[in-house]
Structure formats: structure tokens, C-alpha cells
Amino acid sequence: MHALNTASRAAFDLGPRRLMFWAILGLAALLGGCATNTMTGRMQASLVSEASVSSQSMSQYSAMVGEYDKKQKILTSGPLKDRVDTITNRLISQAVLYRPESAAWDWQINVIDEPKTVNAFAMPGGLMGFYSGLAEQLGATDDEIAQVMGHEIGHALAGHGAEKQSVRMMGELGAILMAGVTATSAQDFQNKHQTLSLGALAFIAMPNSRTAETESDRIGIELAARAGYRPEAAVSLWTKMAAKSSGARGSFLATHPSPDNRIRYLSELQQPMLRLYNLSFEAAPKDASTFDWLRGPKSQRPKPDPTKAIALYSPQWFAFESGLTELKGSNVPVFLIKQGSLKELHANQRWRDLAVSVMDIDHQFDLTYFYLSEAARGLGFLEASKVYASKALETGKDDSRSCAKHMVLNCGAFEPAKLALN
């Protein structure tokens, strides 16, 4: 932000040609400052790295916790502390399966003794806080607390902190460019830049976007279901929030805007989430022991296999793991542009991301079905892998859909003869 402010002060003095040069560079930065989040599949602003934001968050978090500690407001023991720690540990054990790199985060949860405050939060890098008022005023069950903390962990997993800071920088850069293009003098530039910056900051300073909130709801209910907490608690939680939190200090609803369709959206997820709950609960009941991510030694942490990173539930993903995915498109330009990234994902055995990318491109080709077969096999969906291998062989009989007959593509590891033997 300091660099942007310096640029804004100097921009008009550069002269028309240099200003246009900076405008072009700035536009390129705005257009190029986005990347696809491999966990959510959504394009996000990415001018700031998560590592950088996590480092800043650690300083802010330590200072905040220190202030509460001076006031003896940090609960270090007791029933609520034990409940929150146990629930959060179970959620973290699932979170790292979606983002294996998060196993190296400095996961922390502090329970803050503020009986009138109905709130919770998570900062980038897994730094969390839970206010006692949320449990006391709502009479929250363990299942409902799991929905709250799952939602907060969802923000961290989805990189919403880095995205928000990147959007802030884009807004500032956009204000500089717009002021530079329209200003008629140095004073006019300064006035317009200030006006545009205030407007951008007013927009950016709002609570998390509806998209980010919906993503966190979506991730949170799935983390909780996989950790053995009932999905219907997401609906009962938000019903209690709407009834109890509106007048409470530090209201969860004040920092987590609740659109009218939020409860309806979570209700629509009940059936697939109940399926995940049943599968996970049978395999790992709530009282099963789990690694202590909050206090256990980092050197002894489980290390999730990055090649086995799991995907969020969606009808599309359920079809893929069941061997039902049909590629019907003919998206040649996009396929050619992204062919290199697909080969890289395959070479690095990033099976989830490979499958998601292929389905997103939706190009009917023997090579794309081969990638689906490889991804399914790598993730353990062996029957689905056989189905996609057969589709690859069948599709390749059409010369227009055959990698071997294509004039541009390098088929890489794809050899139909070997595939047939598998």
C-alpha cells in the first residue's frame, strides 16, 4: 500500500506518455492479479500471498490476545475451553485433508471470556478466537459450535484474507489509474484520486462478500459433517443467531452478513451432508482420539498426502467419483491454452486439481478422458478409472478427438496401447 501511495503522489508528474505507460502496466496488473483457488474452483484476486497475510495476521492476533490476557479474559481451562478445543481439533483434522499445506499452519484457538459478545473469528493461517457469549447466549450445542468454527476455518482455507487485501490493492490501483486518465492538472489528479480512493475503501471495508460468506458456509458444514457433527445444526445455529444475536455486542451477524436465503441454502445441503456425516461418523465417532493440532508438537503432526487432497462435495464431483462424468464440449482454444497446466498437474500427481480442471474445460478428447482416468485411479476411485479409460479409447477412434492424430498436441504420457492393458 505504501508503494501505491507513493505512485499516486508521483503519477501526474510523470507526463502524459509515462502516465499512459503506468496505466498500461497497472491494467496488466489488474488483469493478471487473479488465480483459481484449487480448493473452491473460484477465480480470486491474488496480488498478495497468503504467507504475507498470515505473517501480518500473526502480529495482529498476538497483540489482540495479549490485550485480553492482561484483562484476564482468556480462558485456559474449564468446560467451555475443553469443548471448543475438542471440536476445533476435529475440524482441523478434516481441514488439512482439503488443503494439505495447511498442516504446517500455526493453528490456534483462544476462548475469550466475554459473556455478552456473540462472535467468533479466524485469521489467515489458522488463528482463531471464540467468544464465550456465543455459547452462553445461544445455548449452543457441540454440533452448532462445530458449524461456527467450521465456517471460520472455511474463511482461512479459502484464502479470503489474502483475497480481501488483494481487492483493496486493486481498488487503490484502479483509483490511481482512473484519476490519472481523467485529471487535467496535478491538483485535479490529487482531488480525483482522493475521492475515488474513499469510494473504493468504503466498498472494500464492508464485511466479507456474500460469495465469501456462502463459500465459508459451504466449507464449514462439510468440515463439520466429516468430523462427525450433525449438518442440521447449521440451520438451527443460524435460526438462533437471527433470534438472539441482533442486539448482542460484537454480534456474529454484524460481521457475518446473513442474507435471507442463507438458511434455505444450508437446508438444501442437508441430504449430501448427511451422507458424509454418516460415512465419517461410522469410521470415526466423536469420542475417537485425534491429534492435538493446537498443542501437539509440529514435528509429530500427521502429514496429509498432497496427491490425495479431497474435493468439496458437488453434484459434479459426485458424478466424477461414480464414473458418470461425460465430457460433451468442444472447447479447443481453452484446451490448447491450458494443456500445459494439465500436463503439469498430471506430472505432479495433483489428482483433485487435475479432475476439476478437466471437468471445468469440458473438452471431449481421448487425452482429457485419460486425465480423468488417471485422476480417479490416483484418488482411489478404481471403478470410475476403468470407465474413463474405456471412454478414452472409444473417443480416440474419432480422428478429430484423437491426441495422436492432432497436429499440435504432444500426448505426453498418454499411450492408448498401455491404457488398454490396464
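The values are calculated or read from the model by the stated rules, or taken from the named source; none is laboratory data. Since this is a predicted model, take the numbers as computed values, not measurements. Cβ placement follows ideal geometry from the backbone for every residue including glycine, while neighbour counts extend to all protein chains displayed. Protein only, heavy atoms only, side chains kept; ligands, DNA and RNA dropped before computing areas. Shrake-Rupley method; radii C 1.70, N 1.55, O 1.52, S 1.80 Å.
The listed residues 321, 114, 344, once ranked by accessible area (1.4 Å probe) with the largest placed first, stand as 344, 321, 114. The packing ranking, built from the mean of other Cβ atoms within 10 Å per residue, places the peptides 147-157, 295-305, 372-382 in the order 147-157, 372-382, 295-305, highest first. The residues neighbouring residue 138, those whose beta-carbon lies less than 13 Å from its own, together hold a net charge of -1 under the Lys/Arg +1, Asp/Glu -1 convention. The residues packed around residue 99, meaning those with a beta-carbon under 11 Å from its beta-carbon, carry a net charge of -1 if Lys and Arg are +1 and Asp and Glu are -1. For 118, 356, the ranking by accessible surface with the largest value first comes to 356, 118, using a 1.4 Å probe.
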